Each structure stands twice: as C-alpha cells, then as structure tokens.
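Accompanying notes for the structure given below.
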Amino acid sequence: MNDMTASNLRSAFGGESQAHMRYRIWAEKANKDGFPTVGRLFMATSDAEEVHATLHFKALKDQVGDFSVTSGAVFGYKTTSENLEGAIAGETFEYTQMYPAYIAVAEMQGEKEAVSAMKYAIEAEKIHAQLFTKAKEAVDSGKDLEAKGVYLCPICGYISLTGDEENCPLCNAKRELFKEY
C-alpha cells in the first residue's frame with residue numbers, strides 16, 4: 001500500500017476508534033440526562049464507528065508494526081445537547097473534509113480496498129450527522145428523540161430510525177442483519 005494512503009487509513013482508524021469510545025460515554029450521559037433514545041442512537045453510532053475502524057484496519061492488513069497515529073477527536077463531557085453538537089461537528093468534518101481528501105488520494109494511488117472502506121464511512125457519516133441533528137433538535141426542545149427504533153447495518157455502519165428498509169441503502173445488506181438498539 002502506498003505510504004500516503006496507509007497513513008490516511010491509520011488516521012481514519014484512530015479517529016473512528018476514538019469516536020467509538022466517545023459515543024459510548026455520551027450514550028451513558030444521555031441516559032442519565034433522561035434521553036434514552038438519544039442514548040441508543042449514540043450506542044448504535046458507536047458500533048457504526050467500530051465497523052468503520054474495522055474496515056480501515058482490514059484494509060491495512062499488510063501494514064505491520066508500530067506507527068504513530070495522528071487523528072482529530074472531539075473532547076468534552078457536557079450536557080447531552082452539547083455532546084450532540086460535538087458529534088455533529090465531528091461527523092460533518094469527516095464527510096465534508098477528511099474522507100473526501102483521503103478518498104481522492106487513495107483513488108489517485110489505485111488503492112481500491114481503501115477507497116471502498118472509506119466510501120462506506122463517508123456515506124454513513126452523512127446519515128449520522130443528520131440523525132444527531134434531529135436528536136439535538138429534540139433535546140433542545142426538552143424531548144427525547146422520537147424513533148420507532150434504532151437500527152444499525154453491521155456491514156457499513158448505516159443507521160435507521162425506522163428499520164423499514166428491506167435492504168441497506170448503502171451496501172445492500174439484508175434488513176435481517178440489522179442490529180436493533
């Protein structure tokens with residue numbers, strides 16, 4: 001694998017791994033603040049970030065050894081509204097800046113597996129930002145997020161609040177594979 005694509009994938013792996021843990025922490029906070037559906041959304045998104053980190057890690061299968069990994073991460077343990085604001089900012093950065101640049105490099109370098117892993121992530125991150133925005137609007141009005149349920153596609157990280165899809169709109173996985181929160 002080309003060095004620049006490998007470095008970008010390691011950075012993406014680090015960022016997704018940190019988001020995985022941050023969202024678990026924020027899920028607990030949402031539950032304590034009385035927003036259990038927002039808590040489930042954070043947990044589902046945490047697991048989606050683990051899906052992305054795993055795809056990146058597997059794309060790096062031939063990269064063996066110790067590497068310094070630089071990645072951006074949102075910090076703060078505030079109110080659920082403020083935590084959602086941080087989540088929206090992080091997800092938006094990933095799909096508007098980070099992944100477009102990383103994908104462009106990987107495409108230029110002919111790194112198909114890296115491109116595939118990052119394309120799943122970029123499309124899922126757009127949806128995560130939209131769902132976090134919807135959750136923030138609810139929380140800011142003093143209500144929990146209204147949802148039929150929270151459903152995760154374990155193949156690509158897509159999240160649904162209805163579970164009505166027959167197949168995942170991003171990767172075409174069957175609805176039966178979705179994990180419900």
* Asked: Using θ = phi - 60° and the Karplus curve 6.51 cos²θ - 1.76 cosθ + 1.60, what whole-Hz ³J(HN,Hα) does each residue of the range 167-181 get, with Gly and Pro shown as x?
  -> 9, 5, x, 9, 10, 6, 5, 5, 3, 4, 7, 4, 9, 9, 10
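Within the range 56-149, list the GluC sites (Glu not before Pro) lying in a DSSP loop whose Cβ has at most 13 other Cβ atoms in a 10 Å radius. Could the numbers behind the result be given before it?
On the way: sites: GLU82, GLU85, GLU91, GLU94, GLU107, GLU111, GLU113, GLU123, GLU125, GLU137, GLU146; in loops: GLU111, GLU146.
Here the GluC sites (Glu not before Pro) that fit, given the DSSP loop and packing criteria, are GLU146.
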* To the nearest 20 debye, what is the magnitude of the charge dipole of the chain about its Cα centre, counting +1 on the Cβ of each Lys and Arg and -1 on the Cβ of each Asp and Glu? -> 240 debye
* To do: Averaged over every viewing direction, what's the projected area of the C-alpha convex hull for the chain? Give it in nm², one decimal, please.
  => 9.8 nm²
* **trypsin sites (Lys or Arg not before Pro) restricted to the range 45-134 and DSSP loop, no more than 15 other C-beta within 10 Å** => LYS61, LYS78
* State, to one decimal in nm², a quarter of the convex hull surface area for the C-alpha atoms of the range 105-181, i.e. the direction-averaged projected area. => 5.8 nm²
* If one computes the Cα centroid of the range 127-157 and of the range 95-126, what distance in Å separates the two points? -> 24 Å
* Positive-end extreme of charge dipole, the range 3-143 - chosen from GLY39, GLY142, HIS20 (charges on Cβ) -> GLY142
* Determine the shape class of the range 67-152: with a ≥ b ≥ c the square roots of the Cα gyration tensor eigenvalues, call it rounded for a/c under 1.5, and otherwise prolate if a/b is greater than b/c, oblate otherwise. => prolate
* To do: Please name whichever of LEU9, ASN83, SER68 sits farthest to the positive end of the charge dipole of the chain, dipole taken about the Cα centre and charges placed at Cβ: Lys and Arg +1, Asp and Glu -1.
  => ASN83
* Reachable lysines from LYS179, criterion Cα separation under 17 angstrom, eight or more residues apart if same chain -> LYS148
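Read the figures in this text as sums done on the coordinates, not as results from a lab. Just so it is clear, the model here is predicted, and its values are computed rather than measured. In this analysis, Cβ positions are derived from the backbone assuming ideal geometry, glycine residues included, and neighbour counts consider all displayed protein chains.
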